[in-house]
1. Is there a residue being over 13 Å from the mean Cα position of the chain (by Cα), loosely packed, with under 10 Cβ neighbours inside 10 Å and either at pLDDT 80 or above or part of a helix (DSSP H, G or I) (or both) anywhere in region 13-20?
2. Name the one entry in 51, 67, 31, 61 that is assigned to a helix (DSSP H, G or I), modelled with pLDDT of 85 or more and out of contact with any helix residue (DSSP H, G or I) (no Cβ under 7 Å at 6 or more places or on another chain).
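The values are calculated or read from the model by the stated rules, or taken from the named source; none is laboratory data. The structure displayed is predicted, hence computed values, not measured ones. Positions of Cβ are backbone-derived with ideal geometry, glycine not excepted, and every protein chain shown enters the neighbour counts.
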């Protein structure tokens, strides 16, 4: 039996590649923007976003350290 959808060309792989490429570009641009914020010498509140991200990063790092220490104690 023939599949009725087999005659319809699909460019699914090409579509996924295009989306992945756009995502990669977006992530690279976002990383560059965040890096610029982090290394900025602007004092708060002009650089409040960087301070917020620094605190979040420190909280995550502290959580990871505590998690590793807990696993070592087991």
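1. yes
2. Details: 51 fails: modelled with pLDDT of 85 or more; 67 fails: modelled with pLDDT of 85 or more; 61 fails: modelled with pLDDT of 85 or more.
The conditions single out 31.
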